[in-house]
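A.B. asks: This is the structure I want to talk about, given as structure tokens.
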Amino acid sequence: MSWLTNEMMLYGGLGMVACAFLAAVAYFCISRIKAVRLGAQLDAEYGEKQ
């Protein structure tokens, strides 16, 4: 197992952290877009909040 060096583990971990961060950003953006669409649909069906 000479390929499993400390350096490979470091860069592998950094890559996993980067992927998790990008997934979190994508999830946040998608959820905000869906919330805006839902708010617009609710306003159209039930009227604006008073």
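The values are calculated or read from the model by the stated rules, or taken from the named source; none is laboratory data. As the structure is a prediction and not an experimental result, all values here were calculated from the model. Don't worry about glycine lacking a Cβ; one is built from the backbone with ideal geometry, like all the others, and counts go over all protein chains shown. Calculation scope for accessible area: heavy atoms of the full protein, side chains included, ligands and nucleic acids excluded. Shrake-Rupley method; radii C 1.70, N 1.55, O 1.52, S 1.80 Å.
A.B. asks: Just flag the chymotrypsin sites (Phe, Trp or Tyr not before Pro) in segment 1-44 sitting in loop per DSSP whose Cβ has no more than 14 other Cβ atoms within 10 Å. Could the numbers behind the result be given before it?
C.D. replies: Numbers: sites: TRP3, TYR11, PHE21, TYR27, PHE28; in loops: TRP3.
Answer in residue order: TRP3.
A.B. asks: Would you work out the charge dipole size for the chain about its Cα centre, treating the Cβ of every Lys and Arg as +1 and the Cβ of every Asp and Glu as -1, and quote it to the nearest 20 debye? The partial results should precede the final answer.
C.D. replies: Values: 4 positive and 4 negative charges, 10 e Å.
I would put it at about 40 debye.
A.B. asks: At 1.4 Å probe size, put VAL25, VAL17 in order of accessible surface, largest to smallest. If you can, show how the numbers build up before the last one.
C.D. replies: On the way: VAL25 65, VAL17 95 Å².
Ranked list, largest accessible area first: VAL17, VAL25.
A.B. asks: Can you give me the Kirkwood hydrodynamic radius for the chain, using every pair of distinct Cα atoms, in Å to one decimal?
C.D. replies: About 14.2 Å, per the Kirkwood formula over Cα pairs.
A.B. asks: Cα axis of helix 6-46 to longest principal axis of the chain: angle in degrees, 0 to 90, nearest 10?
C.D. replies: 10 degrees
A.B. asks: Hey, another quick one. If r is the Cβ-Cβ distance from ALA20 to ALA40 and R0 is 25 Å, what FRET efficiency results, to the nearest 0.05?
C.D. replies: Values: r = 31 Å, r/R0 = 1.24.
E between ALA20 and ALA40, to the nearest 0.05, is 0.20.
A.B. asks: Next question, about the same structure. Round to the nearest 0.05 the FRET efficiency obtained for ASN6 and TYR27 when R0 = 35 Å and r is the Cβ-Cβ distance. List each step's numbers first, then the result.
C.D. replies: Details: r = 32 Å, r/R0 = 0.90.
Result of the calculation: an efficiency of 0.65.
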